[in-house]
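Visitor: This is the structure, below, for whatever I ask next.
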Amino acid sequence: MAERGRPVCVVVGVGPGNGAAFARRFAAEGYAVALLARTTHFSEELAKTLPGARAYACDVTDPDAVTRTFAAIARDLGDAEVMVYNAGSGVWGTVEEVTPADFEASWRVNALGALVASQQVIPAMKRKGHGNIVFIGATASRRGGPKSAAFAAAKAAERNLAESMARHLWPAGIHVALIVIDGVVDLPRTRERMPDKPDSFFIQPDDVASIAFDLTRQKPSAWSFEVEARPFGEKW
């Protein structure tokens with residue numbers, strides 16, 4: 001059951017990896033957490049385990065759906081003090097393999113959805129003079145691999161949007177930051193694909209969640225914009 005009176009954290013893109021870890025961490029720190037995903041099969045079960053949490057079905061590629069969902073969150077829980085934008089799916093393929101629809105779909109999830117979701121939380125944060133928006137990025141935003149023609153372009157758009165927002169919103173007291181994930185997140189499906197890899201090969205979602213929470217506690221005189229997260233064995 002959601003509870004009003006708690007500070008509100010919206011996690012956009014909740015699955016069994018980083019999204020769930022963000023939700024658990026902020027709930028443990030006393031936040032009422034809104035869990036957004038295209039379907040609520042997983043997020044509703046997760047919400048039952050977290051005090052002050054509520055699941056919402058939201059397709060971030062649909063601006064009208066995003067607007068409706070954030071209006072519902074404001075009514076149910078209150079204005080967001082933190083938003084973690086974790087939606088980040090993409091289509092893999094070379095420039096000869098991806099279709100225009102693939103390219104647009106990747107951009108809509110990673111860039112358009114990030115823009116529209118941010119626009120929903122910025123006004124209240126500006127009125128209050130503080131807030132936190134944390135984007136979950138990827139090293140694909142910095143370099144386009146042969147098979148990431150659509151995904152890398154979308155992640156680069158997200159990173160540049162985040163940087164533009166940071167330059168615009170930091171003076172208003174809103175800390176916009178980006179966590180660049182460089183590595184393989186520890187999930188059952190990644191373990192199945194890589195059964196011979198040691199534990200040290202994988203990024204632990206709870207550790208990424210700690211970075212996100214710590215970013216929201218930084219002092220304005222020394223805010224970070226871009227923070228990298230990679231296991232020590234990752235090549236870089």
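Every number in this text was worked out from the coordinates using simple rules, so none of it is lab data. Source: prediction; values computed, not measured. Don't worry about glycine lacking a Cβ; one is built from the backbone with ideal geometry, like all the others, and counts go over all protein chains shown.
Visitor: Classify the stretch 42-81 from the C-alpha gyration tensor, please: rounded if a/c falls under 1.5, else prolate or oblate depending on whether a/b exceeds b/c. Walk me through the numbers before you get to the answer.
Guide: Working: a/c = 3.01, a/b = 1.37, b/c = 2.19.
Verdict is oblate for the stretch 42-81.
Visitor: Let me make sure I get this right: for the stretch 1-61, a, b and c are the square roots of the gyration tensor eigenvalues over alpha carbons, sorted descending. Under 1.5 in a/c it's rounded, otherwise prolate if a/b > b/c, else oblate. Which is it?
Guide: On the way: a/c = 1.65, a/b = 1.51, b/c = 1.09.
Prolate shape, in that a/c is at least 1.5 and a/b is the bigger ratio.
Visitor: Okay, moving on. Could you run the Karplus curve 6.51 cos²θ - 1.76 cosθ + 1.60 with θ = phi - 60° over the stretch 83-93 and give me ³J(HN,Hα) per residue in whole Hz, x for Gly and Pro?
Guide: Here the 3J(HN,Hα) series is 10, 10, 9, 10, 5, x, 6, x, 10, 9, x Hz.
Visitor: What list do you get for Leu187, Leu36, Leu112 if you sort them by fewest beta carbons within 10 Å? Provide the component values of the computation, followed by the final result.
Guide: Details: Leu187 16, Leu36 30, Leu112 20.
With the fewest neighbours first, Leu187, Leu36, Leu112 line up as Leu187, Leu112, Leu36.
Visitor: Considering only Cα-Cα distances, which of the following residue pairs are longer than 25 Å: Lys128/Lys155; Lys197/Lys235; Lys147/Lys235; Lys126/Lys219; Lys128/Lys219? Present the calculation step by step, with values, prior to reporting the outcome.
Guide: Working: Lys128/Lys155 30 Å; Lys197/Lys235 14 Å; Lys147/Lys235 18 Å; Lys126/Lys219 17 Å; Lys128/Lys219 17 Å.
Among Lys128/Lys155; Lys197/Lys235; Lys147/Lys235; Lys126/Lys219; Lys128/Lys219, the Cα-Cα distance tops 25 Å for Lys128/Lys155.
Visitor: In whole Å, what are the Cα extents of the stretch 161-223 along the three principal axes, biggest one first?
Guide: The principal-axis extents, from largest down, are 48, 22, 14 Å.
Visitor: Sequence-distant or interchain residues sharing an amide H contact under 5 Å with Ile203, placed H: which?
Guide: Val184, Val185, Asp186
Visitor: Using DSSP, restrict attention to beta bridges with both residues in the chain and report what percent are antiparallel, rounded to the nearest 5. Could the numbers behind the result be given before it?
Guide: On the way: 0 of 34 bridges.
Expressed as a percentage, antiparallel bridges in the chain total about 0.
Visitor: Then there is this: Would you tally the net charge around Phe42, using a Cβ to Cβ cut-off of less than 15 Å, leaving Phe42 out, and scoring K and R as +1, D and E as -1?
Guide: Values: positive: Arg24, Arg38, Lys48, Arg54, Arg189; negative: Glu44, Glu45.
That sum, taken over residues with Cβ under 15 Å, equals +3.
Visitor: Hey, in the GNM for the chain with a 10 angstrom Cα cutoff, which one of Met83, Met194, Met165 fluctuates hardest?
Guide: Maximum fluctuation in the GNM of the chain, among the listed residues, is at Met194.
Visitor: Still on this structure, I have one more. Please list, in chain and number order, the residues 5+ apart from Leu50 or on another chain whose amide H is under 5 Å from its amide H, with Hs placed from the backbone.
Guide: none
Visitor: In vacuum, with every alpha carbon of the stretch 119-236 counted as one equal point scatterer, what does the Debye formula give for log10 I(q)/I(0) at q = 0.09, 0.13, 0.17, 0.18 Å⁻¹? Two decimals, please.
Guide: Once normalised to I(0) and log-transformed, intensities are -0.30, -0.59, -0.92, -0.99.
Visitor: Something else now. What does the highest-first list of 122-133, 5-16 look like by mean Cβ count within 10 Å? Don't skip to the end; give the middle numbers.
Guide: Details: 122-133: 16.8, 5-16: 23.2.
Result, highest mean Cβ count within 10 Å first: 5-16, 122-133.
Visitor: Give the long-range amide H neighbours of Val84: residues separated by 5 or more places, or on another chain, with amide H under 5 Å away, using H modelled in the peptide plane at 1.01 Å from N.
Guide: Long-range HN contacts for Val84: Val10, Val11, Val12, Val134.
Visitor: Which order do the peptides 44-53, 226-235, 25-34 come out in when sorted by mean C-beta neighbours inside 10 angstrom, highest first? Show your work: numbers first, answer last.
Guide: Working: 44-53: 17.8, 226-235: 14.0, 25-34: 22.6.
Peptide ranking by packing, descending: 25-34, 44-53, 226-235.
Visitor: Stretched out fully, how many nm does the piece from Ser164 to Phe201 gain, at 0.36 nm a residue minus the Cα gap? Working shown, then result.
Guide: Values: separation 37, 0.36 × 37 = 13.32 nm, distance 3.29 nm.
Extra length from Ser164 to Phe201 when fully extended: 10.0 nm.
Visitor: Hey, could you get me the Stokes-Einstein D for the stretch 67-161, Kirkwood radius over alpha-carbon pairs, 20 °C and 1.002 mPa s, rounded to whole µm² s⁻¹? Write out the running numbers ahead of the final one.
Guide: Working: Rh = 14.2 Å.
Translational D for this selection: 150 µm²/s.
Visitor: Sticking with this structure for a sec: From zero outward in steps of 10 Å, how is the percent of C-alpha pairs of the chain spread across the bins?
Guide: Final binned percentages: 8, 33, 39, 18, 3, 0.
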